[in-house]
Amino acid sequence: MPDVDVLVVGAGPAGAVAAREAKCAAPELDVALLERDPAPGTPVRCAEGVGDAGLREFADPDGASWVARKITRVILVAPDDTEVKVEGRDVGWILDRTRFDAFLADEAGRAGAAVLVESEAAGMSRGTDGTWHVRIRNPRGEQMFRARIVIGADGVEAMVGRWAGLEARVPARDMESCAQYVLQGIDFDPDAIYLQFGRDIAPGGYAWLFPKGVAVANVGLGLVALKADGRNARQYLDDWIARRYPGGARTGHTVGGVIVHTTIQATYTDGALVAGDAAHMINPLSGGGIVNAMKAGRLAGRTAAAALRAGDPSARRLAQYHCAWMDLLGHDHLKYYRLKRALEELDDGFFNALARTVNRIPQDQRTLGRIFRHALVRHPQLIPVAARFFL
Ligand SMILES: Cc1cc2nc3c(=O)[nH]c(=O)nc-3n(C[C@H](O)[C@H](O)[C@H](O)COP(=O)(O)OP(=O)(O)OC[C@H]3O[C@@H](n4cnc5c(N)ncnc54)[C@H](O)[C@@H]3O)c2cc1C
């Protein structure tokens, strides 16, 4: 049975960064990164948008081969199609996730972690020696690995946390079903992302257009099935595209789930940590999880390395990871979650009126903070919503 110090399951952003950070923090440790697919980053189940500042904590996007497009504007679209343009110099980037995830996994490999593709964790149990015995399925058959710490970075369908006994159930109202096409030959501002809200467009979520290039974009939506009228996410998306981008050629299709909840109660136990989507570390308001996953992976990798150096991979020691995550972003996600729930109570008419009043602010002064303040003054029914955000 091969022995490793840290076994990371899942080579998405959380896992690749966790493996790299564990190895960089303690080069003497054996670190292995497992990926069930033949290559990290394939298939892509993502709209690929990230904020500039968060991305730069991990990699330099200027001129990088894994970037598709720089974004300098956000266009919020009200249910009645009124557009509100919000400018910003360094808003964010649209990644090429296939290349980006491969780049992160390469970085882990360059740091000295063993990257094993077509290797799926299929179960794990605690040995009498206090290590985890992890069953790995690969094209050659099955193999057992013994690991002192396992990091579960296995995404939205996470199993590692469950095998380790962590509670990770999601209320149905906090699970978004998403559908997305790559659309070609459509007309839009290639420097902007578009987000449209509306009960008939994407109930409980929103529709998006994220440019990959001139006339090519990821076009998709996420919705809460409990709030839908019987149509699934793909049917809502087909209707939206038929209305807004009728001439577009569909060159790729993906579906996936996004957990718009808050961090699970415990992200650690004896000899195990969970990070990224596996621990519900997604921003519940935006549904964005790439940068969050990398931030969590960094904390998980460093915590695992320090615990092994100290000879103490116990839950008591690994609890530091949970506290650090909650201080970094977990408590903010609780606030965003409350805000999301409160916004869900407002109807389409409210957002249509809000868009029209916000458009009276000159475009070069239209920041998100200013829009929020303006909205509070003009629409007093927002005050209880805002108050809940801070409670
Ligand atoms: C349609 C859609 C659009 C999205 N758009 C955005 C966006 O624009 N911006 C944004 O920030 N976020 C977006 N997200 C969310 C984002 O994709 C995730 O939050 C992010 O990928 C989480 O990273 P992760 O490393 O936790 O998990 P993942 O990226 O899901 O990586 C998990 C990896 O683990 C592997 N794996 C799973 N089980 C096993 C196993 N048993 N053994 C070995 N390997 C395993 C998987 O193959 C996968 O490679 C979107 C999600 C969806 C579904």
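The values are calculated or read from the model by the stated rules, or taken from the named source; none is laboratory data. These numbers come from a predicted model, not from an experiment. Here the Cβ is made from the backbone with ideal geometry for all residues, glycine too, and neighbour counts use every protein chain on show.
Worth pointing out:
- Residue match in segment 18-30 (condition: small (G, A, S), within 14 Å of the ligand (Cβ to nearest atom), surrounded by 19 or more Cβ atoms within 10 Å (Cβ to Cβ) and in contact (Cβ under 8 Å) with a residue 24 or more places away in the chain): yes
- Index of the failed condition, S286 passing every other in (1) at pLDDT below 95; (2) polar (S, T, N, Q); (3) not in a loop (DSSP other than H, G, I, E, B): (3)
- Selection within segment 263-301: residues that are surrounded by fewer than 21 Cβ atoms within 10 Å (Cβ to Cβ) and of a type outside the set (V, I, T). The member of this set that is nearest to G130 (Cα to Cα) is D270.
- Residue among L76, L55, L34 that alone is within 26 Å of G205 (Cα to Cα), crowded, with 18+ Cβ neighbours inside 10 Å, not assigned by TED's automatic domain parsing to the domain that holds T254 and not aromatic (F, W, Y): L55
- Pairing each residue of segment 312-341 that is under 20 Å from A14 (Cα atoms) and free of Cβ contacts under 8 Å to residues at least 24 places away in the same chain with any residue that is part of a helix (DSSP H, G or I) and among the polar types (S, T, N, Q), provided the two are 6+ apart or on different chains, yields C-beta distances under 6 Å for Q320/T303.
- When the strands (runs of 3 or more DSSP E) confined to segment 85-184 are screened for residues that are within 21 Å of G12 (Cα to Cα) and among the polar types (S, T, N, Q), those reaching at least 2 such residues are found at 175-184.
- Hits in segment 7-21 (condition: within 25 Å of L55 (Cβ to Cβ) and part of a strand (DSSP E or B)): V8, V9
- Going through (1) charged (D, E, K, R); (2) within 14 Å of the ligand (Cβ to nearest atom); (3) not in a strand (DSSP E or B) one by one, R69 falls short only on (3).
- Qualifying residue in segment 236-259 (condition: within 19 Å of the chain's Cα centre (by Cα) and part of a helix (DSSP H, G or I)): no
- Taken together, the residues in segment 245-273 that are touching a residue at least 60 places away in the same chain (Cβ under 8 Å) and under 30 Å from V214 (Cβ atoms) amount to 12.
- Inter-residue pairs, beta-carbon under 6 Å, first on the phi < 0 side of the Ramachandran plot and in segment 274-295, second in a helix (DSSP H, G or I) and near the ligand (Cβ under 6 Å from one of its atoms), 6+ apart: A275/A14; G289/D277; I290/P13; A293/P13; A293/A14; A293/G276; M294/P13
- In a residue-by-residue description of segment 198-217, the property of being part of a helix (DSSP H, G or I) and within 14 Å of the ligand (Cβ to nearest atom) applies to no position.
- The set of residues from segment 37-52 being within 6 Å of the ligand (Cβ to nearest atom) and surrounded by fewer than 18 Cβ atoms within 10 Å (Cβ to Cβ) comprises D37, R45.
- Within the set A319, A304, A342, the sole residue that is surrounded by 15 or more Cβ atoms within 10 Å (Cβ to Cβ) and modelled with pLDDT under 90 turns out to be A342.
- Candidates R73, R45, R36, R69 - the one that is basic (K, R), under 21 Å from G289 (Cβ atoms) and modelled with pLDDT under 95: R45
- Conditions (1) within 10 Å of the ligand (Cβ to nearest atom); (2) surrounded by 20 or more Cβ atoms within 10 Å (Cβ to Cβ): number failed by R137: (2)
- Test: residue in segment 250-258 that is assigned by TED's automatic domain parsing to the domain that holds V156, of a type in the set (S, T, N, Q) and within 12 Å of the ligand (Cβ to nearest atom): no
- Meets criteria (of a type in the set (A, V, I, L, M) and loosely packed, with under 15 Cβ neighbours inside 10 Å) for A68: no
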